[in-house]
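The values are calculated or read from the model by the stated rules, or taken from the named source; none is laboratory data. The model shown is predicted, which means the values in this text are computed figures rather than measured ones. Cβ atoms come from the backbone with ideal geometry, glycine included; neighbour counts cover every protein chain shown.
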Amino acid sequence: MRHLTPINKKARHIAETTEQDVVALQGGPLTTPSGPHIPLGCTFVFSPGWETDASGGTAGLCQPVERDLFDCHITCFWPAHVPDLYNYAPDWTGKCASAQKDWRKIDLIFP
Amino acid sequence: MTLLRRGEYHAFDADGAPYVYLVPSAGVFRLDDTSAAVLDALGEQDLEPSELVRGLSDRFPVADLRATVEDLLNVRALRLVDRPVEAPVASPPRKRIPLTTLVMNVTSKCNLACTYCYEYGEDKIVEASRKPRFMNEETARQSVDFMFAESGESPMVHLTFFGGETLLNFKVLKSALAYAKERAVTLGKTVDTSLTTNATLLREEIIDWIVENDVGVTVSMDGGREQQDKFRIFSNGMGSYDVVLPNIRMLLERHRRRPVGARVTLTKQNLDVESIYRHLRDELGFWEVGFAPVTTSWQRDYAIQEDGFEAMLGQFQRLADEFLQYALAGKHHGFSNVRDTLEEIHKGMSKAYPCGAGLGLMGVATDGDVALCHRFAGSDSHKIGSVTGGVDRGKQEDFLMKHHIANKTDCSTCWARPLCAGGCYHEAHTRYGASERPNLHYCEWIRRWTDTCLQVYGTLAERRPEYLAQFDG
């Protein structure tokens with residue numbers, strides 16, 4: 001956390017809790033017991049889309065599967081699967097106003 | 001499409017730097033240029049992350065912006081628009097909260113006849129004539145037993161004597177405290193004692209007892225002679241200043257082991273906070289002075305109206321500034337309203353309830369009925385048990401559910417709710433006839449006062465963090 005400085009006790013507690021979000025696996029298991037771990041991402045709230053529907057397909061989902069493309073930009077574990085929107089491909093989604101209708105307009109990106 | 005939006009927080013500046021007070025977590029964070037710019041950019045509209053980053057990329061490195069957005073999302077200063085915000089749900093405490101403070105109303109009688117008194121004045125809620133005027137020794141002992149029985153694992157309990165005028169029942173005070181100390185030794189607990197008095201009856205013998213027993217004292221007093229004698233009068237209309245003055249001098253001179261505080265009731269006619277403070281702190285020598293506006297329905301002559309709240313705020317702010325200068329210089333300042341709020345900010349308290357009434361604090365009436373707090377003691381409609389029968393858990397839970405901040409719709413969009421939580425139940429009862437109502441008449445005042453205290457806090461955190469270390473315990 002470099003751009004926010006925790007000042008009071010509660011802020012320090014929040015900072016400690018969120019700092020533990022990413023753990024390097026080669027570092028071995030955490031030696032101290034961690035507090036409740038709440039990942040921020042699609043598992044944080046019930047955000048249907050990437051699951052399958054009751055029949056094992058995707059037709060019956062309450063939100064279109066294509067919506068995931070946008071749900072995963074920021075917080076989830078997909079950065080390797082979507083183009084780098086900040087540096088190389090800021091306009092990648094430029095033609096896609098509505099994921100449900102326009103997802104075919106999203107093109108492949110070759111860095 | 002995922003849009004970013006500002007989360008719930010209050011932004012403030014302290015000592016030239018930008019800060020946020022997060023709601024409802026009550027975390028205080030200092031922003032750097034990048035995080036301040038990100039929040040600023042989202043002030044007018046929600047933005048897609050790539051749009052946001054592009055807009056600021058001429059001022060900050062892209063990697064920094066991305067890291068900042070992540071930080072801000074983590075602490076919830078930002079949120080994703082399509083993620084629902086969890087609605088708070090009222091729930092009783094998961095564990096039983098031990099009783100740590102018992103306020104014993106040892107008498108409902110008073111030798112003064114202060115016009116604004118909530119116990120006797122026009123807004124009284126307790127019909128005192130239906131209850132014994134004095135608590136007897138047996139009920140006092142039973143109250144002490146009740147206190148220890150309800151204190152659970154807590155190693156320390158606070159016993160506070162209150163009235164009426166507490167010292168009218170000195171005999172019972174003495175025996176109750178002696179009994180409490182004896183029980184504490186048997187049970188391996190510590191008992192801390194304090195009392196509130198109008199100081200008219202303080203005499204040598206009583207002061208000796210106070211000193212000997214290390215009793216904390218709060219004196220209800222409104223300022224200098226003219227201020228005190230406006231409302232704090234005897235029933236024949238005579239002012240009480242000249243009676244209390246020598247007593248207070250004697251108390252302050254002899255009771256050196258514990259700080260003695262003054263508690264001032266502000267009214268429309270008595271709003272000169274600074275001169276009251278000067279008199280009580282500088283001239284008389286009280287260790288600290290706390291101010292509270294009179295609790296009353298709005299139409300009373302002494303009720304503080306809107307312009308009065310405005311004037312009061314200005315004076316509070318000036319005294320708060322003085323407090324800050326003293327604290328920066330490592331000196332004690334006695335304006336306790338600031339100190340209390342600083343402590344709550346430092347700990348990051350985010351309250352479900354405005355105070356401990358009905359939870360860790362209860363009040364006992366002269367007949368042994370237990371109520372939410374001393375202000376409701378004796379009111380049948382706010383009774384939650386008795387010292388002999390214990391706490392009625394059903395009633396207590398009912399009370400807690402009804403008064404939870406999640407049920408105060410008006411508070412749900414207010415950034416000051418982690419500290420205010422709707423304000424005093426008794427004030428709400430007097431003003432609106434319902435203790436569960438939030439005190440909407442002073443919302444704006446509370447927000448501005450909280451903002452002032454946050455600024456003091458931020459400045460101290462930056463320039464004299466060791467001052468704040470005293471609240472770490």
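Working only within segment B:52-65, note down all residues that are at the interface with chain A (Cβ under 9 Å from one of its Cβ atoms), surrounded by 17 or more Cβ atoms within 10 Å (Cβ to Cβ) and more than 13 Å from residue A:4 (Cα to Cα).
First, the residues of segment B:52-65 that are at the interface with chain A (Cβ under 9 Å from one of its Cβ atoms): B:53-54, B:57, B:62-65.
Now restrict to residues that are surrounded by 17 or more Cβ atoms within 10 Å (Cβ to Cβ): B:53-54, B:64-65.
Hits for segment B:52-65 are B:53, B:54.
Please determine whether any residue of segment B:288-307 is at pLDDT below 95, part of a helix (DSSP H, G or I) and under 23 Å from residue B:123 (Cα atoms). Give the derivation first.
Narrowing segment B:288-307 to residues at pLDDT below 95: B:292-307.
Imposing the further condition that a residue be part of a helix (DSSP H, G or I) reduces the set to B:306-307.
Now restrict to residues that are under 23 Å from residue B:123 (Cα atoms): B:306-307.
There is at least one residue in segment B:288-307 that is at pLDDT below 95, part of a helix (DSSP H, G or I) and under 23 Å from residue B:123 (Cα atoms).
Residue under question is residue B:91, and the condition is that it be among the hydroxyl-bearing types (Ser, Thr, Tyr), more than 10 Å from chain A (Cβ to nearest Cβ) and either over 30 Å from residue B:238 (Cβ atoms) or surrounded by fewer than 19 Cβ atoms within 10 Å (Cβ to Cβ) (or both); does it hold? Steps first, please.
Details: among the hydroxyl-bearing types (Ser, Thr, Tyr): yes; more than 10 Å from chain A (Cβ to nearest Cβ): yes; either over 30 Å from residue B:238 (Cβ atoms) or surrounded by fewer than 19 Cβ atoms within 10 Å (Cβ to Cβ) (or both): yes.
The answer is yes for residue B:91.
Working only within segment B:255-281, note down all residues that are in contact with a helix residue (DSSP H, G or I) (Cβ under 6 Å, 6 or more places away or on another chain) and part of a strand (DSSP E or B).
If the condition is that a residue be in contact with a helix residue (DSSP H, G or I) (Cβ under 6 Å, 6 or more places away or on another chain) and part of a strand (DSSP E or B), then B:262, B:264, B:270 are the ones that fit.
A quick yes/no check of all residues on (1) surrounded by 15 or more Cβ atoms within 10 Å (Cβ to Cβ); (2) outside the structural domain of residue B:205 (by TED's automatic domain parsing); (3) within 24 Å of the chain's Cα centre (by Cα):
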{"residue": "B:233", "(1), (2), (3)": "yes, no, no"}
{"residue": "B:236", "(1), (2), (3)": "no, no, no"}
{"residue": "B:246", "(1), (2), (3)": "no, no, no"}
{"residue": "B:261", "(1), (2), (3)": "yes, no, yes"}
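Taking segment A:74-91, which residues are crowded, with 17+ Cβ neighbours inside 10 Å and modelled with pLDDT of 80 or more?
Step one: of segment A:74-91, the residues crowded, with 17+ Cβ neighbours inside 10 Å are A:74-76, A:82-83, A:85-86, A:89-90.
If the condition is that a residue be crowded, with 17+ Cβ neighbours inside 10 Å and modelled with pLDDT of 80 or more, then A:89, A:90 are the ones that fit.
Give the number of residues within segment B:33-51 that are facing chain A (nearest Cβ under 9 Å), touching a Phe, Trp or Tyr at 6+ places or on another chain (Cβ under 7 Å) and more than 15 Å from residue A:91 (Cα to Cα).
Result for segment B:33-51: 1.
Would you say residue B:340 is assigned by TED's automatic domain parsing to the domain that holds residue B:259, surrounded by 20 or more Cβ atoms within 10 Å (Cβ to Cβ) and of a type in the set (Asp, Glu)? Before the answer, list the steps.
Working: assigned by TED's automatic domain parsing to the domain that holds residue B:259: yes; surrounded by 20 or more Cβ atoms within 10 Å (Cβ to Cβ): no; of a type in the set (Asp, Glu): yes.
So residue B:340 fails the test.
Given the structure, is residue B:176 within 30 Å of residue B:121 (Cα to Cα) and touching a Leu at 6+ places or on another chain (Cβ under 9 Å)? Even if it seems obvious, please write down each step before you answer.
Values: within 30 Å of residue B:121 (Cα to Cα): yes; touching a Leu at 6+ places or on another chain (Cβ under 9 Å): yes.
Yes.
Within segment B:94-116, is even one residue touching a residue at least 40 places away in the same chain (Cβ under 8 Å) and touching a Cys at 6+ places or on another chain (Cβ under 8 Å)?
If we filter segment B:94-116 for residues that are touching a residue at least 40 places away in the same chain (Cβ under 8 Å), which is where we start, we get B:96-116.
Checking which are touching a Cys at 6+ places or on another chain (Cβ under 8 Å) leaves us with B:103, B:110.
Scanning segment B:94-116 turns up at least one residue that is touching a residue at least 40 places away in the same chain (Cβ under 8 Å) and touching a Cys at 6+ places or on another chain (Cβ under 8 Å).
This table checks each residue for (1) surrounded by fewer than 18 Cβ atoms within 10 Å (Cβ to Cβ); (2) farther than 30 Å from residue B:146 by Cβ; (3) at pLDDT 95 or above.
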{"residue": "B:67", "(1), (2), (3)": "yes, yes, no"}
{"residue": "B:73", "(1), (2), (3)": "no, yes, no"}
{"residue": "B:84", "(1), (2), (3)": "yes, yes, no"}
{"residue": "B:99", "(1), (2), (3)": "no, no, yes"}
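Determine if segment B:13-32 includes at least one residue that is at positive phi and either within 11 Å of chain A (Cβ to nearest Cβ) or among the charged types (D, E, K, R) (or both).
Here is the first cut: in segment B:13-32, the ones at positive phi are B:15-16, B:26.
Filter again for either within 11 Å of chain A (Cβ to nearest Cβ) or among the charged types (D, E, K, R) (or both), leaving B:15, B:26.
Among the residues of segment B:13-32, at least one is at positive phi and either within 11 Å of chain A (Cβ to nearest Cβ) or among the charged types (D, E, K, R) (or both), which makes the answer yes.
Can you tell me how many residues in segment B:49-70 are within 10 Å of residue A:86 (Cβ to Cβ) and among the small types (Gly, Ala, Ser)?
Qualifying residue count, segment B:49-70: 3.
Within segment B:142-194, how many residues are under 24 Å from the mean Cα position of the chain (by Cα), among the charged types (D, E, K, R) and assigned to a helix (DSSP H, G or I)?
1
Using the structure shown, decide if residue B:83 is of a type outside the set (Phe, Trp, Tyr), more than 23 Å from residue A:87 (Cβ to Cβ), at the interface with another protein chain (Cβ under 10 Å from one of its Cβ atoms) and without any contact (Cβ under 8 Å) to a residue 24 or more places away in the chain.
Details: of a type outside the set (Phe, Trp, Tyr): yes; more than 23 Å from residue A:87 (Cβ to Cβ): yes; at the interface with another protein chain (Cβ under 10 Å from one of its Cβ atoms): yes; without any contact (Cβ under 8 Å) to a residue 24 or more places away in the chain: yes.
The answer is yes for residue B:83.
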